[in-house]
Amino acid sequence: MKIIDIVYEWIDSNREFLKELKQRQIVSQQAKYGPGEVYEKVHDNNKVCFVLSTGRSGTKLLTKIFGDHQNVLALHQPIPELIHFNKLAYQGFDSNDSELKSMIDIARYEYVRKAFLLNKHYVETNSGITFFAYQLASLYPNAKFIHLIREPVAFVQSGCSRGWYDNDSGFDEGRIQGSDGNRADWNDMSQVGKIAWLWNETNSFIHKFKESIPASRIMTVKSEELFGDSKVMGAIFKFLSLAPLEGQHVENLLSKKVNKQMNKTALTKAQVEEVQANTPIKENYYKS
């Protein structure tokens, strides 16, 4: 990391800390709700949006843009990140599973509560909540969801560059595996095959989830279009009933690379074909 990047990160951290102190003061002064009212009102709140994705699809950029909106509390990696428990939700997801429902409620309630008391929209872009989608839809019946999807070959290339499934990262603990479900040949699959499977399995899950809720609660966004067209953000703001940011400001944010992959791993023709063979759900989003 360059020195200038470290300086900018330090400045951003201090700015966020000061913002947090101010928000705490505002929340502590809220007295218009009785203690028994807040929990129910927070869950009935319609200013809530969860972004569902595989990760590596533009979630950090989306957080950056939302973060510049005065009426949004946008979080990319709130604590706990649910690295392990997102995988647990995948292994045994059930829309009526009370343990999973309680788990995600405990993990996120105070964040949503804070946004509610600040009279802001709560937007979370953490891919670690994806397999809790059914529980979140039940807990927050007026919440909306954005399905953020990236073209599979580009996604797999990014995953390979980051060393996914090479057993050399603590984050692999939270990555779903075919051995948990429908791939008996998991241990024999290549890294490319495993990442392609993850893309397909995650987006298949989201695709099925979208069919379970009213169309008015879901919006699908391709990351390629998000990166390349500021009008997409305008459509997202409209979907969430938010006033749009000034167009040139969005253009400026889009022009700055966020979470850019520095050392890209190029895929061979055979690997690209392997990705295409293992991502059938793409036909619903990317026509051949």
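Every number in this text was worked out from the coordinates using simple rules, so none of it is lab data. As the structure is a computational prediction, the values presented were derived from the model and not from experiment. Heads up, the Cβs are rebuilt from the backbone with ideal geometry, glycines too, and the neighbour counts pull from every protein chain shown.
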> Out of F171, F145, F205, any idea which swings most in a Gaussian network model of the chain, alpha carbons joined below 10 Å?
Replying inline: F171
> To one decimal place, what orientation-averaged projected area in nm² is obtained for the convex hull of the Cα set of segment 92-160?
Replying inline: 6.0 nm²
> Relative to the longest principal Cα axis of the chain, at what angle does helix 3-28 sit, 0 to 90 degrees, rounded to 10?
Replying inline: 40 degrees
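State whether segment 47-184 is rounded, prolate or oblate according to the following rule on the C-alpha gyration tensor (a ≥ b ≥ c being the square roots of its eigenvalues): a/c under 1.5 gives rounded; otherwise a/b larger than b/c gives prolate, and the remaining case gives oblate.
Since a/c reaches 1.5 but b/c is at least a/b, the shape of segment 47-184 is classed as oblate.
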> Principal axis lengths of segment 109-249 from Cα atoms, whole Å, largest first?
Replying inline: 50, 35, 29
> With no solvent and one point per C-alpha, what does the Debye sum give as log10 I(q)/I(0) for the chain at q = 0.11 Å⁻¹?
Replying inline: -0.68
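Could you calculate the FRET efficiency of E246 with Y109 from 1/(1 + (r/R0)^6), where r is the beta carbon distance between them and R0 is 51 Å, rounded to 0.05?
0.95
What FRET efficiency comes out for the pair K269/E224, r = Cβ-Cβ distance, R0 = 22 Å, nearest 0.05?
The formula returns an efficiency of 0.55 here.
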>> What percentages make up the Cα-Cα pair-distance distribution of segment 212-283 when the bins are 5 Å wide from 0?
In response: 3, 11, 15, 16, 16, 14, 13, 9, 2, 0
> When only Cα pairs under 8 Å and 6 or more residues apart are kept, what is the percent relative contact order across the chain?
Replying inline: 24 percent
> Relative contact order, percent, of segment 122-213 when contacts are C-alpha pairs under 8 Å separated by at least 6 residues?
Replying inline: 33 percent
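How much net charge surrounds N142 when only other residues with a Cβ under 13 Å from its Cβ are counted (Lys, Arg +1; Asp, Glu -1)?
After counting each charged neighbour, the total is +2.
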> Picking from Y33, Y109, Y90, which is most flexible by a Gaussian network model of the chain using Cα springs under 10 Å?
Replying inline: Y33
> Longest segment of the chain with no GluC sites (Glu not before Pro) in a DSSP loop having at most 15 other Cβ atoms within 10 Å?
Replying inline: 38-210
